[in-house]
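*Asks:* Quick one: the structure is below, questions incoming.
The values are calculated or read from the model by the stated rules, or taken from the named source; none is laboratory data. Being a predicted model, the structure only gives us computed values, none of them experimental. Cβ coordinates were reconstructed from backbone atoms using ideal geometry, including for glycine residues, and neighbour counts include every protein chain displayed.
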Amino acid sequence: MNIQQSGYLSIGQLTEQYLGKARKQDTQEKAGGLSFQEILEQKNLQESGGLLKFSKHALGRLSDRNIELSQAQMQRLENGAVKAGQKGIRDSLVIVDQLAFIVNVPNQTVVTAMDSTETDGNIFTNINGAVIM
């Protein structure tokens, strides 16, 4: 009996039709909706021995605003986070050159990033300290 000619779907076709979509969605959800480039940048930052991690939001902001950190800037950002931690700051604004970063010091995580054109009125909220590097 040839199932293909009778208009019925094979088990393989049904499996792909109903379970294939779910597998694709699971893969996208596991990646958190990040692009390959963003995931690669995050892994490179983590493997470079850096102390800081970048949140998904911060990676998106860096990508959207075309902000690229040099090794020297990254080192200064990490030093700023260390200095903030030494002073007991929990959520710190760290300014490096024309870039501003909000860092959650206990978690060693950059929460968001912006350049000088993105700071609306130079007002920063939800921080309890600032470090200018």
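*Asks:* Scan the stretch 68-96 residue by residue and report those that are modelled with pLDDT of 90 or more, not in a helix (DSSP H, G or I) and not polar (S, T, N, Q).
*Replies:* Those that are modelled with pLDDT of 90 or more, not in a helix (DSSP H, G or I) and not polar (S, T, N, Q): 87, 88, 89, 90, 91, 93, 94, 95, 96.
*Asks:* For the stretch 80-120, which residues satisfy the criterion of being basic (Lys, Arg) and touching a residue at least 40 places away in the same chain (Cβ under 8 Å)? Spell out the reasoning first.
*Replies:* Of the residues in the stretch 80-120, the ones basic (Lys, Arg) are 83, 87, 90.
Answer for the stretch 80-120, where residues must be basic (Lys, Arg) and touching a residue at least 40 places away in the same chain (Cβ under 8 Å): 83, 87.
*Asks:* Something else now. Answer yes or no as to whether residue 121 is farther than 19 Å from residue 64 by Cβ, at pLDDT 90 or above and loosely packed, with under 14 Cβ neighbours inside 10 Å. First the steps, then the outcome.
*Replies:* On the way: farther than 19 Å from residue 64 by Cβ: yes; at pLDDT 90 or above: no; loosely packed, with under 14 Cβ neighbours inside 10 Å: yes.
The answer is no for residue 121.
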